[in-house]
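The values are calculated or read from the model by the stated rules, or taken from the named source; none is laboratory data. Not measured: the values here are computed from a predicted model. For neighbour counting, all protein chains shown are included, and Cβ atoms are generated from backbone atoms with ideal geometry for every residue, glycine included. The protein model used for the area step is the full one, side chains on, heavy atoms only, and it has no ligands, DNA or RNA in it. Shrake-Rupley method; radii C 1.70, N 1.55, O 1.52, S 1.80 Å.
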Amino acid sequence: MDFLTDENFLTALLGAFVGGGFTLVGVWFQTRSSNKAAERAHTRETARQALATITALATYAQRRTYIDHGTFENREEWNHELETQRSTLVSLLALLPDSESKTRSRCMDLLVAIKPWERKVWSEYRIYATSHLAEMGLWLAALARGSKPPKESDVLKEAENRVISLRRAALEYELADLERRAEDYGLDPEEMQRAEGIRAELASPALALPVAQAA
């Protein structure tokens, strides 16, 4: 039993224990690092899939050429596509880790804000829908790149401003056409009344553009 008191043996034994401990710590750190890398890769891939789904839905909306409020079949067609892609997006967002809860929450709020198409004319409804999709795209693209989340935009206000611009453009086009006809042929009483109505509508507060846009 002299080896139990042998200084060289005890030193070697202590070194073995220490060396083994460092090995275990090294393995633990390596495993932890690998797990974090795998989680980041999975998060980015999930964000890319969600971004692809958003892009597909926005493209689908842009390609629809429904007239005014559309038909019952038109609304059914769009709402079916919306709910199908919404379900996919909800599933993908649920896969994001808790460390990305800010992005997940923001995207869920934007997704819920896209209501089914019911009363609005299609051109205006599409602006509201695609504006929310675009904001979601910014957040998911940042996550896919590994960048910080963007600042939150007032999506509803921006969409409302775009709708006002769209309405003004349509009215200004119609008024310009009436004024050309007035110069060439003259207008009947009904057309003159319509022209005056357009001028009054363009001057109303409801169609006033923000100062930055009007400048």
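What's the center-to-center distance, using Cα atoms, between the range 55-111 and the range 140-161 in Å?
16 Å
Report the charge-dipole magnitude of the range 52-154 in Debye, nearest 20, computed about the Cα centre from +1 at each Lys and Arg Cβ and -1 at each Asp and Glu Cβ.
Details: 14 positive and 14 negative charges, 68 e Å.
The dipole of the range 52-154 has a size of about 320 debye.
Hey, which lysines would be in cross-link range of residue 157, C-alpha to C-alpha under 25 Å, not counting anything within fewer than 8 residues on its own chain?
Answer for residue 157, where 25 Å is the Cα cut-off: 102, 115, 120, 148, listed by chain and number.
How large is the charge dipole for the range 154-193, taken about the Cα centre, if only the Cβ atoms of Lys, Arg (+1) and Asp, Glu (-1) carry charge, to the nearest 20 debye?
Numbers: 6 positive and 12 negative charges, 56 e Å.
Taking the Cα centre of the range 154-193 as origin, the dipole is about 260 debye.
Summing +1 for each Lys or Arg and -1 for each Asp or Glu, what net charge is found among the other residues whose Cβ lies under 13 Å from the Cβ of residue 84?
Charge balance in the 13 Å sphere: -3.
Roughly how many percent of the accessible protein surface of the range 121-187 is carbon and sulfur, given a 1.4 Å probe and a whole-percent answer? Let's see the in-between values first.
Numbers: 1900 of 3740 Å².
Heavy-atom surface of the range 121-187 belonging to carbon and sulfur, 1.4 Å probe: 51 percent.
Run the accessible area of the range 28-114 with a 1.4 Å probe and give the carbon-and-sulfur part as a rounded percent. Don't jump to the answer; show the numbers that get you there.
Numbers: 2800 of 5320 Å².
Heavy-atom surface of the range 28-114 belonging to carbon and sulfur, 1.4 Å probe: 53 percent.
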